[in-house]
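Here is the structure we will look at.
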Amino acid sequence: TLLTVPQEQQARAVMRAKQDGVLAGLPIAGEVFRQVDPTLTFRALMEEGRPFASGDLLCEITGGAQSLL
């Protein structure tokens, strides 16, 4: 990644459910991204404990492409 993705390159990633479930652990996921790179922006798109269906968007992360990869 460091050799092929420019440091200034910005990106957006989303987590999409692969199957039905109940959302659990999103605050922990957000903290993991903050630990990887404090400049990343993590946005939950659903509330913790809420049921979701396959294909639903759960969260969005934006920031440096190198950190997202």
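FYI, it's all coordinate maths here, none of it is from the lab. Owing to the predicted nature of the structure, the values given are computational and were not obtained by experimental measurement. No Cβ is skipped: glycine too gets one built from the backbone with ideal geometry, and neighbour counts run over all protein chains shown.
Annotations for the structure displayed:
- Cα point-scatterer Debye curve for segment 30-69, base-10 log of I(q)/I(0) at q = 0.28, 0.34 Å⁻¹: -0.93, -1.14
- Karplus-based coupling profile of segment 42-58, in residue order and whole Hz: 10, 10, 6, 9, 9, 8, 4, x, 7, x, 9, 10, 3, x, 5, 7, 9, with θ = phi - 60° in 6.51 cos²θ - 1.76 cosθ + 1.60 and x standing for Gly or Pro.
- Derived scalar couplings ³J(HN,Hα) [segment 21-29; Karplus, 6.51 cos²θ - 1.76 cosθ + 1.60; whole Hz; x for Gly, Pro]: x, 10, 5, 8, x, 4, x, 5, 4
- Multiplying each eigenvalue of the alpha-carbon gyration tensor of the chain by 5 and taking the square root yields semi-axes of 25, 13, 8 Å, largest first, rounded to whole angstroms.
- Qualifying trypsin sites (Lys or Arg not before Pro) for the chain [loop in DSSP, other Cβ within 10 Å: at most 14]: 18
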